[in-house]
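Rule-based calculations on the coordinates, nothing more; no lab input. As the structure is a prediction and not an experimental result, all values here were calculated from the model. Heads up, the Cβs are rebuilt from the backbone with ideal geometry, glycines too, and the neighbour counts pull from every protein chain shown.
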Amino acid sequence: MEHDGRRTAEETTVELGFASAEDPARHRRWSRRRLGRPGGRRARTTALVVLLALLALLGGAGAGGWLYVRSLDKQVQKIDAFHGVPETRRPARVADGALNFLVVGKDKADPESTASRTDTIMLVHVPSSRDRAQVISIPRDTWTTIPDSSEGDGQPTEAKINAAYAWGGTPLLVRTIEDFTGVRLDHVVVIDFAGFGKIIDALGGVDVTLDKTFTSKMQPGRVYQPGTHRLDGIAALEYARARKQFADGDFSRMRHQQDIVAAVLREAGSKDILADPGRLDNFLRATTGAVQVDRELSVFDTVWALRQIQADDVTMLTSPSRGTGMVGDQSVVFPDEDAAASLYEAVKNDTVDSWVAEHPN
């Protein structure tokens, strides 16, 4: 990202009739964004790096570097993400060789609470060709059905999609996302927002371009003017969490989270960090301390398998919606069921690129 404030990533917003509580005249939408590199430079990375900065960019580090990364692989915490998920109720695997990752960002914003919220939910599809990735952000307030939740005494319950994690942890969220999308998940990655801030600090901050004035709700209430800013971990998380300061709320927050992820990718992909062993070590150790993965996922093997995916090969999408509204006293996002079904059918059939080309506007 250049420091003159120019955006270097191609960004296209496709209007489909979005209506928000703040601005009822607006149309619902899904959005498409391709991530690029400043100055035409390209970074070797993986879909997981795009989302979480997971063990990145050692393609040119040599055998010793890869042995080091493999040792860090053992330090990544494993979770029983699929425990108790009935095989008979899971979607069938359709596309041969494609991979689908559920990436969850959790946040414990209230220091008095022991509960974590899933403020970020992303479905990452890696086609069987392993040469690109599509990342679909699912609004956390999406109104859907939570299967067999304790809140419903074992019966399906309508609620916001992120309630699944609070009610039943990762396994219930897996079931909910699979029911919502009809897509079978191969792996799960959970990242702690506080840990993500440490990853950014280990990088020495990231460059993010703001298109509107932003005032943080956190003390001391910093004001950020439009343009490119070097954000440390705290500032980046403030920006990634913000929604009430923007007219379209959670939709802005999802875009900001994608901006932060792209900025981390660019910074982690720079030659500077690869040439600085101490900085690289801090980055990798911060990453291993911030993430949890399912027991079947080998971080090293996954990074190696997806090593050809580059920044320009990643497309950011947003799950189609009909806009926001109220259910009781809750502000929710209503999915556009027809458009979403079409998109997720493309994910299942490994034809997302064709789907995007067929839905230009």
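Given an 8 Å cut-off on Cα distances and at least 6 residues of separation, report the relative contact order of the range 137-217 as a percent.
19
Say R0 is 51 Å: what FRET efficiency, to the nearest 0.05, do residue 338 and residue 131 get from their beta-carbon distance?
E(calc), rounded to 0.05, equals 0.95.
May I ask which of 106/244; 78/217; 198/244 have a Cα-Cα span longer than 22 Å here?
78/217; 198/244
Between residue 145 and residue 217, what is 0.36 nm times their sequence separation minus the Cα-Cα distance? Round to one decimal in nm. Don't skip to the answer; put the middle values down first.
Numbers: separation 72, 0.36 × 72 = 25.92 nm, distance 3.19 nm.
Separation in residues times 0.36 nm, less the Cα-Cα distance, equals 22.7 nm.
Could you please rank 215, 88, placing first whichever residue has the fewest other Cβ atoms within 10 Å of its Cβ?
Taking fewest neighbouring Cβ atoms as first place, the list is 88, 215.
Compute the distance from the alpha-carbon center of the range 163-200 to that of the range 304-329, in whole Å.
14
Residue 93 to residue 74: extension gain in nm, 0.36 nm per residue of separation minus the Cα-Cα distance?
That works out to 4.0 nm of additional length.
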